[in-house]
Amino acid sequence: MTRLVDAIGGWRLGTRLFVAQAIVLLAIVASAGLTAALIGPPLFHAHLIDTNYPPDSPQIFHIERAYADASLISLTVGLLVALAASLGISWYLTRRIGRPVELLTQAAARLSRGDYDARVTVQGGGPELSTLGDTFNTMADRLNDVEATRRRLLADLAHEMRTPIATLNAHLEGVADGVLAWDDNTRAIVEQQVERLTRLARDLEEVSRAEEGRVELQTSLQPLTDLVEPVIRQTRNAYDRKGVTLTAAVDDLPVRADPQRFAQILGNLLNNALRHTPQGGRVDVTSTTTPDTVVISVTDTGQGMSEEQLAHIFERFYRGDSARESDRGGSGIGLTIAKALAEAHGGSLTATSAGEGQGSTLRLTLPRGLHQPGPGR
Ligand SMILES: Nc1ncnc2c1ncn2[C@@H]1O[C@H](COP(=O)(O)OP(=O)(O)OP(=O)(O)O)[C@@H](O)[C@H]1O
Ligand SMILES: [Mg+2]
């Protein structure tokens, strides 16, 4: 049997259930006893008198004694049986409810100590406790994910910062020791690394803001072509330099969007497509429109992506090929920001690829926002 009083003070569930039932029982017995004592004897006496026994006869005395004894015995036995039954019920309920509650308490305590693997299996406690157990497990899963993301983020961040900082250190020390001359070349390298750190800080700030929904969108209704064309103009040079064909053919329909943020999303997709498409390849920007949404697709004939890559490209710091990409300065945040910005517009960003070497398509879906003032925050 469980202890009556819990270690941290206060009565245990079983004790409380038993005491509550005992109080109810005592109240029933008290009221039944009182009724039997006040109403029963005069009524019984009146009926006996009706049987023509003389009121002071010994028979009447004995019969009334028998009545009183029988009432007392039946009430006492009834009370004892009911107490035993309530003790049994309390014990049973405590086992059914108390055990899952105890398991949940232990798991919550483990979780509060930072053990994110704590889970519970709640059985036999009824649907409410089962749901509580499931909810607890979902919460623990989430916390586990958040903790994993936090650790990875810090590790990735440290990793991202290490290379530029080491390069800066080496060059500045070289200059200080007179091994390196402070010429245009050294200055360019130092500036490049400072720029890389600055961009990292800006991207991180941007991605946090976008993911937490703190982006200020300044949306307005304008033709899709007006949104797309400036971005194409800006990136065309880089495409020409690499020898990749860039085409854009989008519907000339009104869409509500923040032009700067739109340019950021599309610019990012075009830069990625260019980076991953070899000379001689092509990148096409097209659109499909429904009454409520517009889908802008950026399709390239480049190196494509594996299933594994597709599953991760929207995660912070994910780079399909870390070694090669890091040489080119990408930090793997571009698509994370682009997706968060698309979602801030009430839209989405998805990617498909038939596999490595088969090209990729990135699809930006935006609500056209014709009838509302826009999702701007
Ligand atoms: N068009 C594409 N073709 C093939 N792979 C792509 C394409 N676009 C993105 N990827 C893959 O997705 C990864 C993540 O892209 P993302 O834009 O987030 O980061 P990045 O381009 O590496 O760096 P950043 O954009 O921060 O400079 C890339 O490293 C690349 O492996
Ligand atoms: Mg990118």
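The values are calculated or read from the model by the stated rules, or taken from the named source; none is laboratory data. Note that the structure is predicted; figures quoted are calculated from it, not measured. Don't worry about glycine lacking a Cβ; one is built from the backbone with ideal geometry, like all the others, and counts go over all protein chains shown.
Looking across region 281-325, the residues that are within 11 Å of ligand 1 (Cβ to nearest atom) and among the hydroxyl-bearing types (Ser, Thr, Tyr) come down to Thr299, Thr301, Ser306, Tyr318, Ser322.
Out of curiosity, is Ala210 closer than 17 Å to Leu341 by Cα, within 16 Å of ligand 2 (Cβ to nearest atom) and either of a type in the set (Gly, Ala, Ser) or assigned by TED's automatic domain parsing to the domain that holds Thr163 (or both)? So Ala210 fits the description; yes.
Would you confirm, using the coordinates I've provided, whether Gly280 is within 16 Å of ligand 2 (Cβ to nearest atom), part of a loop (DSSP other than H, G, I, E, B) and either under 20 Å from Ala354 (Cα atoms) or touching a residue at least 60 places away in the same chain (Cβ under 8 Å) (or both)? Full working, then the answer.
Numbers: within 16 Å of ligand 2 (Cβ to nearest atom): no; part of a loop (DSSP other than H, G, I, E, B): yes; either under 20 Å from Ala354 (Cα atoms) or touching a residue at least 60 places away in the same chain (Cβ under 8 Å) (or both): yes.
It is false that Gly280 is within 16 Å of ligand 2 (Cβ to nearest atom), part of a loop (DSSP other than H, G, I, E, B) and either under 20 Å from Ala354 (Cα atoms) or touching a residue at least 60 places away in the same chain (Cβ under 8 Å) (or both).
Taking helices (runs of 4 or more DSSP H) as the structural unit, those lying wholly within region 168-277 and holding at least 2 residues that are loosely packed, with under 11 Cβ neighbours inside 10 Å correspond to 184-211, 224-242. The residues of region 251-276 that are in contact with a Lys or Arg (Cβ under 9 Å, 6 or more places away or on another chain), touching a residue at least 40 places away in the same chain (Cβ under 8 Å) and either within 18 Å of Glu356 (Cα to Cα) or not assigned by TED's automatic domain parsing to the domain that holds Leu349 (or both) amount to a single one, Arg275.
For region 320-334, does any single residue satisfy the condition of being modelled with pLDDT of 90 or more and either more than 16 Å from Asp203 (Cα to Cα) or within 16 Å of ligand 2 (Cβ to nearest atom) (or both)? The answer is yes, given that some residue of region 320-334 is modelled with pLDDT of 90 or more and either more than 16 Å from Asp203 (Cα to Cα) or within 16 Å of ligand 2 (Cβ to nearest atom) (or both).
When both residues are 6+ apart or on different chains and their Cβ atoms are under 6 Å apart, which pairs have a first residue that lies in region 195-207 and is without any contact (Cβ under 8 Å) to a residue 60 or more places away in the chain, and a second that is crowded, with 17+ Cβ neighbours inside 10 Å? Going by the 6 Å Cβ cut-off, the qualifying pairs are Leu197/Pro164.
Per-residue answers, yes or no, for (1) within 17 Å of Gly347 (Cβ to Cβ); (2) at pLDDT below 95; (3) aliphatic (A, V, I, L, M); (4) over 40 Å from the mean Cα position of the chain (by Cα):
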| residue | (1), (2), (3), (4) |
| --- | --- |
| Pro223 | no, no, no, no |
| Asp240 | no, no, no, yes |
| Ala249 | no, no, yes, no |
| Ala257 | yes, no, yes, no |
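Residue under question is Ile296, and the condition is that it be within 11 Å of ligand 2 (Cβ to nearest atom) and not in a loop (DSSP other than H, G, I, E, B); does it hold? The answer is no for Ile296.
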